[in-house]
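The values are calculated or read from the model by the stated rules, or taken from the named source; none is laboratory data. Since the structure is predicted, the reported quantities are computational estimates derived from the model, not experimental observations. As a convention, Cβ positions derive from the backbone with ideal geometry for all residues, glycine included, and neighbour counts pool all protein chains shown. To get the accessible areas, we keep the full protein, side chains included, count just its heavy atoms, and leave off ligands, DNA and RNA. Shrake-Rupley method; radii C 1.70, N 1.55, O 1.52, S 1.80 Å.
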Amino acid sequence: MDPNILLAIIGGGALAVGLVLGKFIFARNTEKKIEEAEIKADTILKEAELRAETVKKEKEVEAKERFVQLKAAHEKELLEKNKKLNETENRIRQKEQSISQKEGNLDKQLKDNDSIKENLNRQLEQVNQRKVELDKKQEEHVRRLEKIANLSAEDARNQLIESLKQEAETRALALQQEIIEDAKQKAGKEARKIIIQTIQRTAAEQAIENTITVFHLESDEIKGQIIGREGRNIRAIEAATGVDLIVDDTPEAILLSSFDPLRREIARLSLQRLVADGRIHPARIEEVVEKTRRQIEEQVMEIGERTVIELGIHGLHKELIRMVGRMRFRSSYGQNLLMHSRETANLCATMAAELGLNPKLAKRAGLLHDIGKVPDEESELSHALLGAKLAEKYGETPAVVNAIAAHHDEVEMQFVISPIIQACDAISGARPGARREIMQQYLQRIKDLENLAMNYNGVEKAYAIQAGRELRVIVEADKVSDQDSDKLSFEIAQKIQTEMTFPGQIKVTVIREKRAVNVAR
């Protein structure tokens, strides 16, 4: 026979024997455990019975002792009661004797009292009659009053209570109004005091920036090299930098013109390197401009890091730090944006400290409030909303995000620091010498803004307020409906956006009011 088959048979037999033995051993162990459990259960039952018997005996002993104590107390109480009864009986006997002696006297007194009692009864009858008469008169009086006043007694009581209640409410409202007016006056004085102190404590230098940079040359011969053959070099520079180069009769100078200070700085540094190197041709120009642009980006990051370190602001995202550095090359009406933001941050910290708020949080929001003006890509959003979106994207707190978004009243202010940021932004921009705009240009811009609104049908009046940041348009109620008002506001805003140049943003408010006036003669 095959050994493998033999081994399989032997293994199968061994397995069967093992299973039988295992089952037998398991059954024996199970029976043994059952017997042990039964013995243990009997032991527990016996112990419980013994314990119950012991407890029963203890309770019987306690009950007997309690019965003996109660019996003794009851017997003692009975003895005391019997003693008191005996004393009471003796007193009663003595009183009976005295009463029997007084009976004779009482008979005589009763006869006298009968006459007195009759008199009292007559007086009581008279009193009752008078009381009935008074009740009738009172009821008749009440009915007369109700008839005269056309009110029941309950209604009169309710009216009295209501009048007293209204008088109390009127006095309370008057007192409340006085308290509110007093608080407003004190709050106004305190607010002016805090703002004045904040302005006085912040001294910031103002530097007006121009839209033109003058690049000085050693000699006029270099102008020809910069212009190049048929002007190819100057076209290459303008295409690479986005800056207009003005080469005129000004000796030893070239004008770089652009509204973007960052582009002007790149163009200035690129020209400086090209002139120093001497090799000026389109390929070299593109190489130098690209290298300068990378250097400026590094410089922007250094400016941002230095700014946040000087202001003591920590944990700012790297992209936000880079945007802070880009502010150095951005201006608004000649006011450098980084200087404006730093000044706003310091003003916010000072004002927040005076008001008992968190100065670090206020300083952070003040520095970042205009980051929407230096985006990497153009956006249709206003700079306040765009700045709030960027701050939220890079992990700033809701208080900072709301302060950025609300500093031009585009969204509702939800945190205490939001109005502080708005006030300090206005203070920094309104400081003497901070911004530059020719008065005639400003007046012309305001006039153009009002005339633009007056060209629409149904417009009665138009007023530019808040230094041209808001346009109030008053329409004729008979010609313009509520739905037309919404449409008119949108159309005016779109036309301003496409046809006018203005700083910041302009809010268009259309007011429609219907008045019905009659005169009584």
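With protein chains left intact and a 1.4 Å probe, residues in segment 317-366 average 35 Å² of accessible area per residue. Within the shell defined by Cβ-Cβ distances under 14 Å, the residues around residue 133 carry a net charge of 0, with Lys and Arg each +1 and Asp and Glu each -1. Taken about its Cα centre, segment 239-283 carries a charge dipole of about 240 debye when Lys and Arg each add +1 at the Cβ and Asp and Glu each add -1 at the Cβ. In nm, to one decimal, how far is the residue 84 label point from the residue 411 one, both placed 7 Å along Cα→Cβ? Computed distance between label sites residue 84 and residue 411 equals 8.7 nm. Look at the alpha carbon pairs under 8 Å that are at least 6 residues apart: their mean separation over the length of segment 224-299 gives a relative contact order of 30 percent. Under 24 Å of direct C-alpha separation, and excluding same-chain neighbours fewer than eight residues apart, residue 32 reaches these lysines: 23, 40, 46. Shown here is the pair-distance distribution of segment 352-431: with all Cα-Cα distances grouped in 5 Å bins from zero up to the longest one, the shares run 3, 17, 28, 26, 16, 7, 2, 1 percent. Using Cβ point charges alone (K and R +1, D and E -1), the dipole size of segment 245-338 about the Cα centre works out to roughly 220 debye.
Working from label points 7 Å from Cα in the Cα-to-Cβ sense, the residue 314 to residue 159 distance is 7.4 nm. Can you classify segment 1-50 as rounded, prolate or oblate using the Cα gyration tensor, where a ≥ b ≥ c are the square roots of its eigenvalues, rounded means a/c under 1.5, and otherwise it's prolate if a/b beats b/c and oblate if not? It comes out prolate by the Cα gyration axes. Under 22 Å of direct C-alpha separation, and excluding same-chain neighbours fewer than eight residues apart, residue 117 reaches these lysines: 102, 108, 131.
Residue pairs exceeding 22 angstrom between C-alpha atoms, taken from 360/507; 461/514; 318/363; 318/360; 479/514; 59/81: 360/507; 59/81.
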